[in-house]
Amino acid sequence: MDHQLFADLYDAHARAVHAHALRMTADRAGAEDIVSLTFLEAWRLRESLDQVANQRAWLFGIATNVIRNTRRAARRHREAMGRLPPPDTVPDVADAVVSRITDTTRAAAALAALSRLRRTDREVLLLYVWSGLSHEEVAQACGVPAGTVRSRLSRARARLHRLTAAHLAERAASRTAREGTL
């Protein structure tokens, strides 16, 4: 069967199959799904269409079987879901959201402060903290003694802490000022 003949079959009977499915299911969305599945199955069986005396009755038979199958599948799904243990109580995600917002704000402040560190201090901090290198490995990577790495790391941490705190304080002050003008 060529595509055009099947398209003609669809055009001639789709509304009637939809009406039948709607009467059987009383569900518009479900009826549309039934029509789709009916014509999908009809396409699969298109080679036997030549022996069909009444195409409309054949399609209604397919639709009825599709309805039975979908009802059976829905029943089995409900039964399977009923056998599952009841879900645990869902935790309140509000605290996690606030924590993430706070973490994001602090991370943004740290990144802003990081850019204000001296290049040598920033390199040592990034290699040690974010790359996970030891003092000796950082010293080797930077070409300086391990003692220099320790002092740069100490200085960078202290300055980063001060700059981050100042950045967070500035953001809080500007937010308070904006909220006061609203």
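The values are calculated or read from the model by the stated rules, or taken from the named source; none is laboratory data. Everything numeric here is computed off the predicted structure, so don't read it as measured data. Cβ sites come from the backbone with ideal geometry, for glycine too, and all protein chains shown count toward neighbours. Note: accessible area is taken over every heavy atom of the protein model, side chains too, but ligands, DNA and RNA are not part of it. Shrake-Rupley method; radii C 1.70, N 1.55, O 1.52, S 1.80 Å.
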Distance from a point 7 Å along Cα→Cβ of Arg71 to each backbone N in segment 9-46: keep the residues under 14 Å and list them by number. 21-27, 31
The set of residues whose placed amide H lies less than 5 Å from the amide H of Arg116, leaving out same-chain residues fewer than 5 positions away, is none
Given the -39500 (n - 2.57) contribution per DSSP H run of 4+ residues, what per-residue ellipticity at 222 nm results for the chain, rounded to the nearest 500 deg cm²/dmol? -26500 deg cm²/dmol
How large is ³J(HN,Hα) for each residue in segment 24-30, as worked out from phi by the Karplus curve 6.51 cos²θ - 1.76 cosθ + 1.60 (θ = phi - 60°), to whole Hz, x for Gly and Pro? 6, 10, 6, 9, 4, 5, x
Can you tell me the 0 to 90 degree angle between the C-alpha axis of helix 55-83 and the longest principal axis of the chain, rounded to 10? 40 degrees
Using a 1.4 Å probe, how large is the accessible area of Thr38, given in Å² and rounded to the nearest 10? 0 Å²
Taking every other residue with Cβ under 9 Å from the Cβ of Ala113 and scoring Lys and Arg +1, Asp and Glu -1, one gets +3
For the chain, just list the percent of Cα-Cα distances falling in each 5 Å bin from zero outward, please. 1, 7, 10, 9, 7, 6, 5, 4, 4, 4, 5, 6, 7, 8, 8, 6, 3, 1, 0
